[in-house]
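K.L.:
Take this structure first; my questions come after.
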Amino acid sequence: MEPPANIPRVALIDAGGANLGSVRYALARLGVDAMVTSREDEIARADRIILPGVGAAGPGMRLLRERGLLDVLRDPPAPLLGICLGMQLLFDGSEESDVECLGLLPGLVSRLPESPGIRVPHMGWNALSALRATPLLDGIQAGEQAYFVHSYAAPVTSDCVAECEHGIRFAAVVQRGLIAGAQFHPERSAAPGSQLLRNFIGLGARDRSMQAAGEAACPA
């Protein structure tokens, strides 16, 4: 896969997630030397911001608060992509630990329900179903499989651009303007995951088209 042209400065936030190294390696395969940082001033100078994460919402938000990153993430200076827990933290709050999150996307993250034949955590490959067109999903075909590991999920709202089903429908990819998130692990999702990362970091002159696509179904 060819690296994106005019590679931007990518800030990869060190929020204590075990997937930090694998996300950095996935970006390196695309020709992107991401800057791993937990400094607000470095994030403020970035062209793209990626917030990876695994684990629970409460500790995740506490770590962001301790590192002084809440202000810059609640008013990000560049397109922001949350991955796995990082996507969940974009929402108003989470039932996990009953915690207030970043509030960039409306909605409450809740636990996936268990039922006969449906195990929680949701772990493994599952099909993506696109709900509307956006440059973030360019090159990702309907029904392509992505790799998930999670027990909590965001609801399917007007900000959801691709959904998945595990007992219930939940948001797999979200976007509101230049705020985006993937519940699955793109760094572990083979070609679709690489394509999503490539789409995000390679937006370049397409920033306005991504923003327009994200806002089309997201009235204020």
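The values are calculated or read from the model by the stated rules, or taken from the named source; none is laboratory data. This one's a predicted model, so the numbers in the text were calculated from it and none came from an experiment. In this analysis, Cβ positions are derived from the backbone assuming ideal geometry, glycine residues included, and neighbour counts consider all displayed protein chains.
K.L.:
May I ask you to say which residue of I50, I43, I13 is in contact with a Pro (Cβ under 8 Å, 6 or more places away or on another chain) and under 24 Å from A153 (Cα atoms)?
P.N.:
I13
K.L.:
V120 versus (1) surrounded by fewer than 21 Cβ atoms within 10 Å (Cβ to Cβ); (2) touching a Phe, Trp or Tyr at 6+ places or on another chain (Cβ under 8 Å); (3) not in a strand (DSSP E or B): which is the lone unmet condition?
P.N.:
Unmet for V120, out of (1) surrounded by fewer than 21 Cβ atoms within 10 Å (Cβ to Cβ); (2) touching a Phe, Trp or Tyr at 6+ places or on another chain (Cβ under 8 Å); (3) not in a strand (DSSP E or B): (2).
K.L.:
Taking the condition of a type in the set (A, V, I, L, M, F, W, C), within 16 Å of the chain's Cα centre (by Cα) and on the phi < 0 side of the Ramachandran plot, does M123 pass?
P.N.:
Considered against the rule, which asks whether it is of a type in the set (A, V, I, L, M, F, W, C), within 16 Å of the chain's Cα centre (by Cα) and on the phi < 0 side of the Ramachandran plot, M123 comes out as no.
K.L.:
Picking from A78, A57, A46, which residue would you name as being more than 16 Å from R111 (Cβ to Cβ), touching a residue at least 40 places away in the same chain (Cβ under 8 Å) and crowded, with 17+ Cβ neighbours inside 10 Å?
P.N.:
Within the list A78, A57, A46, the selection yields A78.
K.L.:
Moving on to the next point. Which of the residues spanning the range 135-149 are of a type outside the set (A, V, I, L, M, F, W, C) and at negative phi? Can you show your working first?
P.N.:
In the first step, residues of the range 135-149 are kept if they are of a type outside the set (A, V, I, L, M, F, W, C); the result is 135, 138-139, 141, 143-145, 147.
P135, D138, Q141, E144, Q145, Y147, listed by residue number.
K.L.:
Can I ask one more? Of (1) surrounded by fewer than 19 Cβ atoms within 10 Å (Cβ to Cβ); (2) within 16 Å of the chain's Cα centre (by Cα), L137 satisfies all except one. Which?
P.N.:
Here L137 meets the rest and fails (1).
K.L.:
Oh, and also: Please report, ordered by residue number, the helices (runs of 4 or more DSSP H) entirely within the range 1-111 with at least 3 residues that are modelled with pLDDT of 95 or more and farther than 29 Å from M123 by Cβ.
P.N.:
40-44, 70-74
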